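Before any comments, here is the structure.
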Amino acid sequence: MEKKNGMVKNKLALFSSFVILCICMYLFFPFPNNPVLEARTTFMSFPIRNQDGYISLGIMGSFLFIIALILLFIGMKKYQFRSILIVVLVYTFLPNLLITTYQETLASGITAISYDNNGQCNFKLMDQKMNGECNLELHNRSNEAVSFELEFIDSFFMEDDVRMESLMNLAGPYRITIEANQKKSIHINELLDLSGVPKHIDGGESFSIHFKITEKDKTRTL
C-alpha cells in the first residue's frame, strides 16, 4: 500500500484559511489611510476600540483572523505552529512591503508620500500665546515633485475637545513641496495666538503625531 507523505492534511481548510486572511487584509489594509490611527485598542491590524466605543468590524476581523489560524492548523499535517508563526509574520510585514512597492512604481501625488510616524511637537505657553514647534520627516517615493497642504490633527487620546497638535493650524495650512525620490525633514516653529481658543493645553510634548495632507480633492491621514 502506497504511503502518502506531505505537509497538507486538509486542502479545504487550508484554502479557506487563505481566503479569510485575504479578506481580513483587504478590509483593514493600511492605505491610503491607516484604520488603526484612531484606535485605542488594537489586535494585529484590527482596530478594536476607539474614543466612541468598540468597533464591530474590527472585532469581527479579529475573530476571522483567529479562525483563519485555526483552519491553517487543521489543514497542515505537520509544522503547524511554525506555519502559524510564518503567517503572522507575513501578515504583519506584507502590507508595508506592498505599499512601498506601489508607491515606488505606480503611485503619484500624495499617494506616493510616506511617513515614518516619528514626528513630534513641543508646546510652551507664554501669556496668551504659545510657542509651537514640530518636526517630522516625509518621503516622496515617486519620480515627480509633489506639492500639498499639511494640517495637523489632535491626538485621538485627547479628552473633552482639548486642542494640542491642531493648535499649529492657527498659523497654517502649511504648503509643502518634496522633490522626486527625496526625503524631507520638516521643521515648523510658530508663535500661536490662543485668545480665541477656549480649550487648549498649557504646554507639553507629543510624539508620533498625525496630520492630513491635501492635494486638490485628495486627502490622506498619516
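Only the coordinates and a few stated rules stand behind these numbers; no lab work does. These figures come from a predicted structure and were not determined experimentally. Neighbour counts run over all protein chains shown; Cβ positions are idealised from the backbone, glycine included.
By the Cβ distance rule (another cysteine Cβ under 4.7 Å), the unpaired cysteines of the chain are Cys22, Cys24.
In a DSSP loop and with at most 14 other Cβ atoms within 10 Å, the chymotrypsin sites (Phe, Trp or Tyr not before Pro) in the range 105-172 are Phe156, Phe157. Cross-link check: pairs Lys124/Lys199; Lys124/Lys212; Lys129/Lys184 evaluated at a Cα-Cα cut-off of 18 Å; pairs beyond the cut-off: Lys124/Lys212; Lys129/Lys184. Radius of gyration (Cα atoms) of the range 11-106, expressed as a multiple of 2.2 N^0.38 Å: 1.16. A cut-off of 5 Å between modelled amide H atoms, ignoring neighbours fewer than 5 places along the same chain, links Ile55 with Arg49, Asn50. 3J(HN,Hα) along the range 29-35: 5, x, 7, x, 10, 8, x Hz, from the Karplus curve 6.51 cos²θ - 1.76 cosθ + 1.60 with θ = phi - 60°, whole Hz, x for Gly and Pro. Hey, which aspartates and glutamates would be in cross-link range of Lys77, C-alpha to C-alpha under 19 Å, not counting anything within fewer than 8 residues on its own chain? The qualifying aspartates and glutamates are Glu2.
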